[in-house]
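The values are calculated or read from the model by the stated rules, or taken from the named source; none is laboratory data. From a predicted model like this one, the values you see are computed outputs, not experimental measurements. Backbone-built Cβ (ideal geometry, glycine too); neighbour counts: all protein chains shown.
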Amino acid sequence: MFEARLQQGALLKKVVEAIKDLIEDANFDCNNSGFSLQAMDSSHVSLVALSLRADGFEHYRCDRNVSMGMKLANLSKILKCAGNDDAITMKSEDNGDTITFMFESQNQERLSEFDLKLMDIDSEHLGIPEAEYDATVKLPSSEFQRIVKDLASIGDTVEISVTKDAVKFGTNGDIGSANVMCRQNKSVDKPEESTEIDITEPVALTFALRYLNSFAKATPLSSHVVLKLSKDLPIVVEYHIENVGRLSFFLAPKVEE
Amino acid sequence: KASQGRLESFFGPS
């Protein structure tokens, strides 16, 4: 059987809220090392990869590898019934056709159980090579969210360019153009405001803002977001979930014809 | 004019 308890159930709620508009359904894969998901959006332009480590759960048991297909909209409906301070336990029997979500309030006075029907989902897994990226930028997740939201009111695409001192976001549209530059700032007194750049090669790539705005729905999961860029490769937008795992998004760049 | 790339052009099947 599979059983996993997450004291901070809100994490699971936030993860599902962050991905439910991007992907319709997905297989959640569980094995000894943890709970994971990989799914592409319907246009195969972006990909979501979630990984929650077994040791990030207070209790984790997975007797055999299972893949549980769920419609994200339905999962979201159920998780919205969990309180923000509730612990969430997920349970499924081997070869079961449902997954049970148990919500426990902090004082243990309220216990609720919701069963979600599992579905068979055909999913294509892509092999994502472990790569060294030309540039890695770590910036406050709220700053990234603001930038992609602001730029989307001007244009449809953003050019992200990274040099050793700064990362620049630029767009053009019918009404004009916009540029936002964030300088490297390894602020020690306010680590939550730091912007750190690690670069081997300056890089500039163009991406659709619509997807970046969708990724930014993961902002509540982490104080920082990590952007990884290499010439002619998809960008990685990564939210680290402290002590539990990470939620990564991949987005294919715009390519010159 | 730039066109949108698809992920399969960058990553192969696992």
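Scanning region A:61-113 for residues that are surrounded by 13 or more Cβ atoms within 10 Å (Cβ to Cβ), closer than 23 Å to A:Ile19 by Cβ and polar (S, T, N, Q) turns up A:Ser67, A:Asn74, A:Ser76, A:Thr89, A:Ser92, A:Thr98, A:Thr100.
Across region A:147-166, the qualifying residues are those that are among the β-branched types (Val, Ile, Thr) and without any contact (Cβ under 8 Å) to a residue 60 or more places away in the chain, and the one among them that is surrounded by the most Cβ atoms within 10 Å (Cβ to Cβ) is A:Val158.
On the stretch given as region A:211-241, residues that are among the charged types (D, E, K, R) and under 16 Å from A:Leu22 (Cβ atoms) total 2. For A:Gly56, the test of being more than 24 Å from A:Gln108 (Cα to Cα), touching a strand residue (DSSP E or B) at 6+ places or on another chain (Cβ under 7 Å) and not acidic (Asp, Glu) is failed. For region A:114-130, a tally of residues being of a type outside the set (Phe, Trp, Tyr), surrounded by 11 or more Cβ atoms within 10 Å (Cβ to Cβ) and either within 14 Å of another protein chain (Cβ to nearest Cβ) or over 26 Å from A:Met40 (Cβ atoms) (or both) returns 6. Here A:Asp156 meets the list (1) touching a Pro at 6+ places or on another chain (Cβ under 9 Å); (2) modelled with pLDDT of 95 or more almost entirely, failing just condition (1). Would you call A:Ser105 of a type in the set (Ser, Thr, Tyr), modelled with pLDDT under 95 and more than 30 Å from A:Ser194 (Cα to Cα)? It is false that A:Ser105 is of a type in the set (Ser, Thr, Tyr), modelled with pLDDT under 95 and more than 30 Å from A:Ser194 (Cα to Cα).
Considering only residues in region A:167-180 that are surrounded by 19 or more Cβ atoms within 10 Å (Cβ to Cβ) and without any contact (Cβ under 8 Å) to a residue 24 or more places away in the chain, the one that is farthest from A:Ile235 (Cα to Cα) turns out to be A:Gly170. Of all positions in region A:232-239, none carries a residue that is within 14 Å of chain B (Cβ to nearest Cβ), surrounded by fewer than 20 Cβ atoms within 10 Å (Cβ to Cβ), touching a residue at least 60 places away in the same chain (Cβ under 8 Å) and not basic (Lys, Arg). Just one of the numbered conditions (1) in contact with a Gly (Cβ under 7 Å, 6 or more places away or on another chain); (2) farther than 26 Å from A:Gly155 by Cβ; (3) at pLDDT below 95 is not true of A:Asp189: (1).
Among (1) within 30 Å of A:Val255 (Cα to Cα); (2) in contact (Cβ under 8 Å) with a residue 12 or more places away in the chain, which single condition is A:Cys81 missing? The number of the failed condition is (1). One residue stands out in region A:181-214 among those that are under 17 Å from the mean Cα position of the chain (by Cα) and more than 14 Å from chain B (Cβ to nearest Cβ): the one that is surrounded by the most Cβ atoms within 10 Å (Cβ to Cβ), namely A:Ser214. Can you find a residue in region A:30-53 that is among the charged types (D, E, K, R), more than 27 Å from A:Pro234 (Cα to Cα) and away from chain B (no Cβ under 14 Å)? Within region A:30-53 (the criterion being among the charged types (D, E, K, R), more than 27 Å from A:Pro234 (Cα to Cα) and away from chain B (no Cβ under 14 Å)), the answer is no, since none of the residues qualifies. Please indicate, with yes or no, whether at least one residue in region A:28-41 is surrounded by fewer than 20 Cβ atoms within 10 Å (Cβ to Cβ), assigned to a helix (DSSP H, G or I) and of a type in the set (D, E, K, R). There is no residue in region A:28-41 that is surrounded by fewer than 20 Cβ atoms within 10 Å (Cβ to Cβ), assigned to a helix (DSSP H, G or I) and of a type in the set (D, E, K, R).
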